[in-house]
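Structure first, commentary second.
The values are calculated or read from the model by the stated rules, or taken from the named source; none is laboratory data. Given the structure is predicted, the values throughout are model-derived calculations rather than measurements. So basically every Cβ, Gly included, is an ideal-geometry build from the backbone, and we count neighbours across all protein chains shown.
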Amino acid sequence: MLPVTLDRTSSEPLPAQLAGQVRALVLSGTLGTGDRLPSSRALAADLGVSRAVTEQAYDQLTAEGWLEARRGSGTYVTATRTPTTAAPQVTSRPTSPRFARSLPRSARTDEQARRSTSLRSSRPTGVTSRLDTGTPFFDPRLEPGWRRAWREVSVATPPPGYDDPRGLLELREALAARLGRTRGLELHPDEIIVTAGTTDGLRALLPELRPGPVAVEDPGYRAAAETVLTYGREVIDLPAVETVGDLGDAVAAYVTPAHQHPLGRVMPAADRLALLEAARRADAVVIEDDYDSEFRYDVAPVPAMAKLDRGRVVYLGTAAKSVIPTLRLGWLVAPPDLHELILRRRTITHAGAAWPSQRALLTLLRDGWLDRAVRSARRVYAERAPRVAEAMSPYATLAGPLAGMYSTWLLPETDARRARDAARAAGFEINLLSTYARSSGLTGLVIGFGGVTDAELDQALAALTGALAR
Ligand SMILES: Cc1ncc(COP(=O)(O)O)c(C=O)c1O
């Protein structure tokens, strides 16, 4: 019998309560690597709940990498706070060649030159549609609420001078409540700094880190690598899908644990613990880019890595995926010493986020608009992701679980280019995986499905698969 107690009067769903308590048992060492859990049926009987509750909790913890289901044998713990070996296993030392100072032309232009987002995804025929990772679905039914938010901005009184550099207090309160509810982060509003997006958060952080290189996932978020270079720091390639047990002389590691960008994998619990341990040894920080974690369709969003060690993780969130990128809003939560340094510089340099955007987001949060937008986009992605998978799986290998607003397919570069060119000829722009890769040399296609219509997606997939079938 597991020492868990479920509270039927709580607003937290029973599977989430159970998953949270089992996760806590693993983190406290009560459950260790290799321990076998009761079957979902037996645990359900013990707890007096339906089997769906225990199955859902086990599925969640398996997706997060805390548990492993062994066929015909049962469910076992795979990750523990106290490693079973003396140190986390180092399978890869980030000694791969240093990232070239300049990114390839395509890498520079692709995401930065995104078309400006129109609310409706209708566009004149003959114009290229981008199947990129950066354009979210925007439900036209939500337009009235969106307009209401901006009307409210137009009649609200702006702060007379420079406002609190942390951002609008009411917005930080609403964000703290939402991050608690959706990401498991218990935050005081004063711990949050509102930014102009993830990359702005990174720009705020970099000057406050001691001198030294920054490890960035490879393949990884190109804007992050470029920003690190812009701030005069070297980029070290951090293998995106391996256990990292040593950060060398890196002063920070930039990662996307909930949904590796662009391969899509969830960083398993054991790898999270190993990376945090490596960061502690190197006296480095982990920069958690939590860009699209709410868009899971099979299990609940994987909890934020910052939850494991608030003193070591700088958490970066963004409105780019849940609202639109051009709102230019995000949020940063840093350990206290870094928080103070960031705030000091932001105060002196007037680097706060724009008030109208903050005021609009406040209304969107307060009215429940953002929750509706996330739910509606999640439904669309849950429907489109399998369509992409069905079309692509005969020709390519899916790099990670289906989640978010894009999927990544591994293919030889020549095939990927042939398919990309065919899609381009049909009016669709699709990114090559090689433009995200540095020393990893991974090749394939990164197919975004948020910013197009269903019909456009089908046309693009037909162009891709037509070329791949040849
Ligand atoms: C991995 C990743 N992080 C963050 C972002 C959002 O960045 P920002 O908030 O600066 O627009 C994106 C947008 O495409 C992304 O792909």
Task: strands (runs of 3 or more DSSP E) wholly inside segment 355-457 that include at least 3 residues being in contact with a Leu (Cβ under 6 Å, 6 or more places away or on another chain) and buried (at least 20 other Cβ atoms within 10 Å of the Cβ) - done: 444-448
Task: Candidates Arg345, Arg328, filtered to the one that is touching a Pro at 6+ places or on another chain (Cβ under 8 Å), over 21 Å from Glu217 (Cα atoms) and at pLDDT 95 or above - done: Arg345
TODO: Starting from residues that are in a helix (DSSP H, G or I) and either modelled with pLDDT under 95 or under 19 Å from Ala253 (Cβ atoms) (or both), keep the ones in segment 306-325 and report whichever is nearest to the ligand (Cβ to nearest atom).
DONE: Ala306
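Please enumerate the residues belonging to segment 294-305 that are closer than 14 Å to Arg183 by Cβ and in a loop (DSSP other than H, G, I, E, B). Outline the logic, then answer.
Within segment 294-305, the first condition is being closer than 14 Å to Arg183 by Cβ, and the residues that meet it are 294-296, 300-305.
Glu294, Phe295, Arg296, Ala300, Pro301, Val302, Pro303, Ala304 - these are the residues of segment 294-305 that are closer than 14 Å to Arg183 by Cβ and in a loop (DSSP other than H, G, I, E, B).
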- [ ] Might you let me know whether segment 29-37 holds any residue that is under 24 Å from the mean Cα position of the chain (by Cα) and under 21 Å from Lys307 (Cα atoms)?
- [x] no
- [ ] Of the conditions (1) within 17 Å of the chain's Cα centre (by Cα); (2) buried (at least 24 other Cβ atoms within 10 Å of the Cβ); (3) of a type outside the set (D, E, K, R), Pro325 clears all except one; give me its number.
- [x] (2)
